[in-house]
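The values are calculated or read from the model by the stated rules, or taken from the named source; none is laboratory data. The structure presented is a predicted model; accordingly, all values stated were derived computationally and were not measured. Virtual Cβ from ideal backbone geometry, glycine too; neighbours counted across all protein chains shown. All accessible areas refer to the heavy atoms of the entire protein, side chains included, with ligands and DNA or RNA removed. Shrake-Rupley method; radii C 1.70, N 1.55, O 1.52, S 1.80 Å.
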Amino acid sequence: MTKKQKKPLELYIHIPFCARKCLYCDFLSFRTLAAVHETYVEQLIREIEAEGASCQEYQVVTVFIGGGTPSVLEPELIRDVCLAVRRAFDVAQDAEITIEVNPGTLLQNKLHIYRAAGINRVSIGLQSADNRELENLGRIHSFEEFLKSFQCARMAGFANINVDLMSGIPGQTLESWRNTLKKVTMLKPEHISAYSLIIEPGTPFWDRYGAGIEKTAAKSAPQPGTCPGEAPDRFGLRRRDYPELPDEEEENRIYHLTRTFLAEQGYERYEISNYARPGFACRHNVGYWTEVEYLGLGLGASSFLGGCRFCNERDLERYLGLDFAAEGWAERLRPQFTRLSREARMEEFMFLGLRMIRGISEIDFVATFGVKLDSVYGPVIERLVKNGLLRREGVWLSLTEWGMDVSNFVLIEFLLTSA
């Protein structure tokens, strides 16, 4: 099979380690000794070699090293992972190769080693330019440390930098968010991801702001001599000390400011939460939303390959104990393996594709499933277009501005009851 005939493949490489877990984070990440880092990378390279041998019909078009905090590792370990990928896989010459970094763990020597290893895109997790808001999130860095990291990345030769921002966080106001956008856009990064905080079960923020705290308040009457909610939580803070979350009205103003402000600064919104200068949309993420196959490598990493979804072993000890030279390693690595039904794939085609501002192509739907879009979703589309939530332009179907505002409501309409 020639390279022109090879199918495109994206790689996600998971580094599960971090310096300290943020208060909102529900990702598979944790703090551990540096000695474990080296052991993990050695095993990760064994997995890369084993997977590469079974993916000869693919060419890798993007690589994303995420976490956790990949930059917590010694840079030589990241270099070794990159070299292993190039040995094991056919990597396209123009492949987009991204690494996530945290300003609190980034030193200039690391960036030079990343560049030498072929990494050409850096994603810096800032979240906010307000140091008090960063403290409220449990981040380990200041805005000043972010500025230094950004400057170091430029000096190391990175011409494609993303900055992650988060809205709806404790203590945030419309003006503090405007200030964050101003400070970040003055630096002219090529890409900005602006996500809203989601309070996930099992996180400290869930205990503070989620259902857990409401249940506790409902079940517990105040003790004599105390005020309601005064007892310290397991993090040592009293409820009355928690910074308030922006209310729904303020969040809505923040959301609309993001869109208008970034557009004025030359950033094109190409997905609900992502903005880029022309030519700098994240190819890896666009691949996720347009059903390019991807392979997850490392602890707990998820994959979509051959019409199937599967997830790697999530227990570190069991992952490190796998023998990638033994027969049947793939089954032991992936305890859960799901082949998507035709209906489930149709749902995902709509859910993911409509996150893109350009929307989905009816021609692509026919090419993928062999039936017209209206034969499956005709009445739903007609109703949503009539209500001003979807628009049709030629063969393209996309969310309107209002549709993006209530995208969760719109997307659920594409569930198929027969799935």
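Of everything listed in (1) open to solvent by less than 10 Å² (accessible area, probe 1.4 Å); (2) within 21 Å of Leu134 (Cβ to Cβ); (3) in a helix (DSSP H, G or I); (4) among the small types (Gly, Ala, Ser), the single unmet condition for Gly66 is (3).
Suppose the filter is modelled with pLDDT under 95, out of contact with any Leu (no Cβ under 9 Å at 6 or more places or on another chain) and either buried (at least 21 other Cβ atoms within 10 Å of the Cβ) or not hydrophobic (A, V, I, L, M, F, W, C) (or both); does Asn136 pass it? Against the criterion (modelled with pLDDT under 95, out of contact with any Leu (no Cβ under 9 Å at 6 or more places or on another chain) and either buried (at least 21 other Cβ atoms within 10 Å of the Cβ) or not hydrophobic (A, V, I, L, M, F, W, C) (or both)), Asn136 does not qualify.
When region 85-125 is filtered for residues that are in contact (Cβ under 8 Å) with a residue 60 or more places away in the chain, part of a helix (DSSP H, G or I) and open to solvent by less than 30 Å² (accessible area, probe 1.4 Å), the ones remaining, listed by number, are Val85, Thr105. Would you be able to tell me the number of residues in region 337-361 that are in a helix (DSSP H, G or I), in contact with a helix residue (DSSP H, G or I) (Cβ under 6 Å, 6 or more places away or on another chain) and open to solvent by 40 Å² or more (accessible area, probe 1.4 Å)? Counting residues in region 337-361 that are in a helix (DSSP H, G or I), in contact with a helix residue (DSSP H, G or I) (Cβ under 6 Å, 6 or more places away or on another chain) and open to solvent by 40 Å² or more (accessible area, probe 1.4 Å) gives 2. Restricted to strands (runs of 3 or more DSSP E) entirely inside region 253-311, those with at least 2 residues that are surrounded by fewer than 20 Cβ atoms within 10 Å (Cβ to Cβ) are 268-271, 302-305, 308-311. Which residues, taken from region 312-335, are exposed (fewer than 13 other Cβ atoms within 10 Å of the Cβ) and either closer than 19 Å to Ser54 by Cα or touching a Leu at 6+ places or on another chain (Cβ under 9 Å) (or both)? Result: Asp315, Asp323, Ala325, Ala326, Glu327, Gly328, Glu331.
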